[in-house]
2 protein chains.
Amino acid sequence: MAMNGAESLVRTLVAGGVEVCFTNPGTSEMHFVAALDRVEGMRAVLCLFEGGATGAADGYARMADKPASTLLHLGPGLGNGIANLHNARRARSPLVNIVGEHATYHRAFDAPLTSDIDGLARPVSAWVRTGMSAREVAADGAAAVAAALAPPGGVATLILPADTAWEEGSGIAPLPPVPARARVQEEAILHAAAALRSGEPVLLHLGDRAVRGEGRRIAARIARKTGAQLLAMTSNARIDRGAGTVPIERLPYPVDPARAVLEPFRHIILIGATLPVAFFAYPGKPSALAPATCDVFALATPEQDQIDALERLAEAVGAPAEAPLPASPRPDLPGGDRLDQDAIARVLGALIPEGAIVCDESITTGRNFFPATHAAAPHTWLQLSGGSIGLGIPMATGAAVACPDRKVITLQADGSALYTAQALWTQARERLDVVTLIWSNRSYAILRAELANVGANPGRKAIDMLTLDDPPIDWPSLARGYGVEGRRVETLAQFIDTFRQALARRGPFLIEVAL
Amino acid sequence: MAMNGAESLVRTLVAGGVEVCFTNPGTSEMHFVAALDRVEGMRAVLCLFEGGATGAADGYARMADKPASTLLHLGPGLGNGIANLHNARRARSPLVNIVGEHATYHRAFDAPLTSDIDGLARPVSAWVRTGMSAREVAADGAAAVAAALAPPGGVATLILPADTAWEEGSGIAPLPPVPARARVQEEAILHAAAALRSGEPVLLHLGDRAVRGEGRRIAARIARKTGAQLLAMTSNARIDRGAGTVPIERLPYPVDPARAVLEPFRHIILIGATLPVAFFAYPGKPSALAPATCDVFALATPEQDQIDALERLAEAVGAPAEAPLPASPRPDLPGGDRLDQDAIARVLGALIPEGAIVCDESITTGRNFFPATHAAAPHTWLQLSGGSIGLGIPMATGAAVACPDRKVITLQADGSALYTAQALWTQARERLDVVTLIWSNRSYAILRAELANVGANPGRKAIDMLTLDDPPIDWPSLARGYGVEGRRVETLAQFIDTFRQALARRGPFLIEVAL
């Protein structure tokens, strides 16, 4: 039997290095599903909801530095995946989104599931193509992989009409060349070096690859020589951190503290970071956070080779060799019995195990987690990147698929968790080693603050819209519903004890932390 | 204090007859939320997930015949609502979608949540507008209400930049005129009448308003005179049915039975129905279901006045007055102990209470529910309209908000329920009188059949992708997580007993029915 389009596509994806498909398939994707049977090397991970699939693919990409694929069902399936595709887009995660579509000849009949899939895909995709024939669809898939990997990394969406899957295909298509990250111009290095030599206060604002680990080491050398300061973006796709790494703080989320942090600087050099801007607009507050008198200069965009740019800048300013970092002792567990944000931060600092991957969608609860965990055991921290809530549990799922030997810890705001809690089921099904900590404050706490920030004057009905305590979510029951064991803790001692037990065992576990 | 844009908009919506807002707000919508406080007449119903809000607005509109509004948070919030907006679009439900957006001047800064909201909205909306100023936004809202109500009814999406909400507004804007449904041309009546007099077999294929109740009565008179047969579409937004109404069967979902049903006819007259087409394409099977020799004629499109067209057609063929329907006894409860689809159908026929609203997302389990419930107590049946699964629980939520005095019964496939189960929480919060029956077959049963239909030859990995039993979903636990009491039943006697108890009490209850 000749190889059909679906099998040609799956074999092409595998040949292109795509090893995992996070699926939520429907009828139009049945040939793709059947092809997964016949092809070695593609792990299929079933998700109950498409936001779980796209968020998992994002988490996978952040850890594996290569794309997973998704398999989604027509426009509505893509629609359910859009929120986490938005996050993936902002994290610049490479991701190959396969979206089933009606057979090419069937679309004109406007059957109930027909919709403008291309139109839905464009706002969240760096690359979109609709397969035109089974003969070409493998080449389309290869182009999608290349597009996902092209710097800075992005969402490539291939729309797959059913007949392009079931008709005779071409066999494996070769991967087009993937361009390397471009080197920055020498002028940019010189401009940054001049700023660093100016004697005026300089901030090295790091994002993307520059903030991960290696970039921070080089940036620290530059800082040692020049007195510049380092700062990460508010949200970062991935930071490898903890003891033995260069500690870095983040730009605060609220506008006024963020402006206060940036206020002293005359030069802000962006390396992988984008312009510091307010997450939201507020009446009477500016959108741009840097002082008007400040020279904000992009040394290296996310598309460019940020590590190379840092190395050249280090050389240009005559930065010394890497200095040994001062030894910082592992934080102690907190005493007392207050179970609050500070206590939680200290528990994390003390208990995060070496090699852990921390998936952080803590929102308000987690704003002070970074300082307390600088000296935790070495670990990787992934953040909500695009502000689209409901990423944490799916992202942890994908990170655990990418790194089966590393403990994954999800720091999860309760309101946000409720968008995509179905991903707990995939954690149970795949026996993933994930501990989910739910910050159970039973409210949209961030919105209570925002309501004040925008100057709105709320009454009972408005407050009611931000409150989740009637009825309260029973998280251990919800987790059990999805096949995951869970427990609610209400004291600091219970939290420490239960978290330790969860870290000591393998497999998914959920802890509802009463706040 | 002058009225800001948000308050002007909310007051305009209320003046336009919009009484309910299904909300899942974020920061950019805080002024709208605050305005809800100051305005009487708009009930705010909080949802944990945007698909719950849009699906609830659809269910509300089907029962109230007027729009609810939603309140969604930027592009990702809209994204999460898209699947059920697709269903609303296919049901032609009037719906005013309010989507928050960054302040107009803030968009250029490309903050993390920035995305092309207009681009995401267009595929699921009949009307899209982005507010340009606080002065105009009330008029925009009035235009949205009018657009939602314009025949045949549709999704109107108003994108609301935060500054158009917080700056000074215009006060209430008047509702533009809403056009009535157009009368069909006399030629169309004559053409249909000629077909009915031809002596050849004629099908009156009813959809939209023509299938609800009144239209079926007129169609039955035409049928009595001419021998024509009546048939509903496969999916129908709303049918008022049960004892004392004209029974009508639906076009089967699978292609071969559907073609067999249509095969005898030489004329198919569409009244509110669209062309009968296959839901999906299959290798070697046609997309159009009517025989090639058949004259398919649209007497009245969904945009047109279908009741008027039926009345004029009845007159043209000299149809008799309405005949009393033969009394059909309430179905008996099934005997035996088999808990299968047939037994469930008979239980529904026997126990559906008078005035109930049945929200049907049964998928495979429910294909034979109609015949067994023709003679049930009078009730209203709402179906999944656009094939985008995850509508049932939200739709029931909205229907219950629209009709607080009617019992709502959700017939819910388990796989589909897992997309939007969060809506159970809104049922608990609002004390809605909804009984949710989960058909727990622990698989994507429809896809197992489809895998065979498309001629794919599945192996273990493919079958595994369609199986939900590892781990099994524990539905009573999941419901408890959301604050809803639930029970699993495994025998017919347990089902009958538990269903009766659930019908006898008020408030949300969930029954997992083991299949």
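The values are calculated or read from the model by the stated rules, or taken from the named source; none is laboratory data. Just so you know, these numbers come straight off a predicted model, no measurement behind them. Cβ: placed from backbone, ideal geometry, glycine included. Neighbour counts: every protein chain shown. Note: areas computed on protein heavy atoms with side chains; ligands, DNA, RNA excluded. Shrake-Rupley method; radii C 1.70, N 1.55, O 1.52, S 1.80 Å.
Miscellaneous remarks
- Here the Karplus curve 6.51 cos²θ - 1.76 cosθ + 1.60, taken at θ = phi - 60°, turns the phi angles of region A:114-131 into couplings of 5, 7, 7, 5, 4, x, 6, 6, 4, x, 10, 10, 7, 8, 9, 8, 9, x Hz, with x standing for Gly and Pro.
- Eligible aspartates and glutamates near A:Lys66 by straight Cα distance, threshold 19 Å, same-chain separation 8 or greater: A:Glu19, A:Glu40, A:Asp58, A:Asp140, A:Asp208, A:Glu214, A:Asp240, A:Glu303, A:Asp305, A:Asp405
- In this Cβ point-charge picture (+1 for Lys and Arg, -1 for Asp and Glu), region A:5-166 has a dipole of about 460 debye about its Cα centre.
- Estimated FRET transfer efficiency (B:Gln185, B:Ser328; beta-carbon r; R0 45 Å; 0.05): 0.75
- When the other protein chains are added to the chain by itself, burial of at least 30 square angstrom of heavy-atom accessible area (probe 1.4 Å, ligands and nucleic acids ignored) affects these residues of region A:67-105: A:Pro76, A:Gly79, A:Asn80, A:Ile82, A:Ala83, A:His86, A:Arg90, A:Tyr105.
- For chain A: relative contact order, % (alpha-carbon pairs under 8 angstrom, 6 or more apart): 14 percent
- Among A:Leu325, B:Leu468, B:Gly199 the positive-end extreme of the charge dipole of the protein assembly as shown (Cβ point charges): B:Leu468
- Fraction of antiparallel bridges per DSSP, region A:186-316 only, in percent to nearest 5: 10 percent
- Calculated from backbone phi, Karplus (6.51, -1.76, 1.60) coupling profile of region B:154-161 in Hz, x at Gly/Pro: x, 8, 10, 10, 10, 8, 10, x
- Region B:341-514 - share of DSSP beta bridges that are antiparallel (%, nearest 5): 5 percent
- Cα coordinate range in region B:365-448, projected on the principal axes (Å, largest first): 38, 33, 22
- With every protein chain in place, the protein assembly as shown: carbon and sulfur % of accessible area (1.4 Å): 51 percent
- Once backbone amide H atoms are built at 1.01 Å from N, B:Leu46 has B:Thr23 as its partners under 5 Å, excluding neighbours fewer than 5 places away on the same chain.
- Shielded by partner chains, region A:453-498 residues - at least 50 Å² of accessible area, 1.4 Å probe, vs chain alone: A:Val454, A:Lys461, A:Met465, A:Asp470, A:Pro471, A:Leu478, A:Gly481, A:Tyr482
- Charge dipole magnitude, Cβ of K and R +1, D and E -1 - region B:130-259, Cα centre, debye nearest 20: 1040 debye
- The GluC sites (Glu not before Pro) of region B:336-441 that DSSP puts in a loop, and whose beta carbon has at most 12 other beta carbons within 10 Å, are B:Glu354.
- Sites B:Arg224 and B:Arg460 - FRET efficiency at Förster radius 60 Å, r taken between beta-carbons, to 0.05: 0.60
- Distance from the C-alpha centroid of region A:272-306 to that of region A:39-107: 30 Å, rounded to the whole angstrom.
- Interface residues in region B:121-170 - accessible area drops by 30 Å² or more relative to the isolated chain, probe 1.4 Å: B:Pro123, B:Trp166
- Theoretical FRET efficiency, 1/(1+(r/R0)^6), r = Cβ-Cβ of A:Asp240 and B:Ala292, R0 56 Å, to 0.05: 0.30
- Summing charges over all other residues whose Cβ lies under 12 Å from the Cβ of A:Thr157, with Lys and Arg as +1 and Asp and Glu as -1, gives 0.
- GluC sites (Glu not before Pro) lying in DSSP loop within region B:28-103, provided at most 16 other Cβ fall within 10 Å: B:Glu40
- About its Cα centre, the dipole of region A:411-515 is roughly 200 debye, where the only charges are +1 on Lys and Arg Cβ and -1 on Asp and Glu Cβ.
- Per residue, region B:186-316 exposes 38 Å² of solvent-accessible protein surface, assessed with a 1.4 angstrom probe and all protein chains in place.
- Karplus-based coupling profile of region A:352-368, in residue order and whole Hz: 3, x, 4, x, 5, 10, 9, 9, 10, 10, 6, 6, 4, 4, x, 5, 10, with θ = phi - 60° in 6.51 cos²θ - 1.76 cosθ + 1.60 and x standing for Gly or Pro.
- Antiparallel %, DSSP beta bridges [both residues in chain A], to 5: 10 percent
- Pair-distance profile P(r), taking every C-alpha pair of the protein assembly as shown, with 20 angstrom steps and integer %: 13, 44, 34, 8, 1
- Inter-label distance, B:Arg197 to A:Glu200: 9.1 nm, where each label sits 7 Å from its Cα along the C-beta direction.
- Solvent-accessible surface of region B:341-514, taken per residue with a 1.4 Å probe and all protein chains present: 28 Å².
- Summarising the amide proton neighbourhood of B:Val128: residues at separation of 5 or more, or on other chains, whose placed amide H is nearer than 5 Å comprise B:Thr157.
- For A:Val20, distant residues with modelled amide H under 5 Å away: A:Arg43, A:Ser69
- Most positive-pole-ward Cα, A:Ile357, A:Ala148, A:Ala44, against dipole of chain A from beta carbon charges: A:Ile357
- Mean silhouette area of region A:226-293, derived from the convex hull of its C-alpha atoms and averaged over all directions, reads 5.5 nm².
- Convex hull volume per residue for chain B, taking Cα atoms only, in Å³: 159 Å³
- Distance between region A:11-32 and region A:414-479 - C-alpha centres, whole angstrom: 32 Å
- Region B:341-514: relative contact order in percent, alpha carbon pairs under 8 Å with at least 6 residues between: 22 percent
- In the B-A interface, the accessible area buried, summed over both sides, Å² (probe 1.4 Å): 8100 Å²
- Residue-normalised accessible area of region B:23-142, expressed per residue, 1.4 Å probe, Å²: 22 Å²
- Low-density loop cleavage sites - GluC sites (Glu not before Pro) in region B:264-324, where at most 14 other Cβ are within 10 Å (DSSP): B:Glu322
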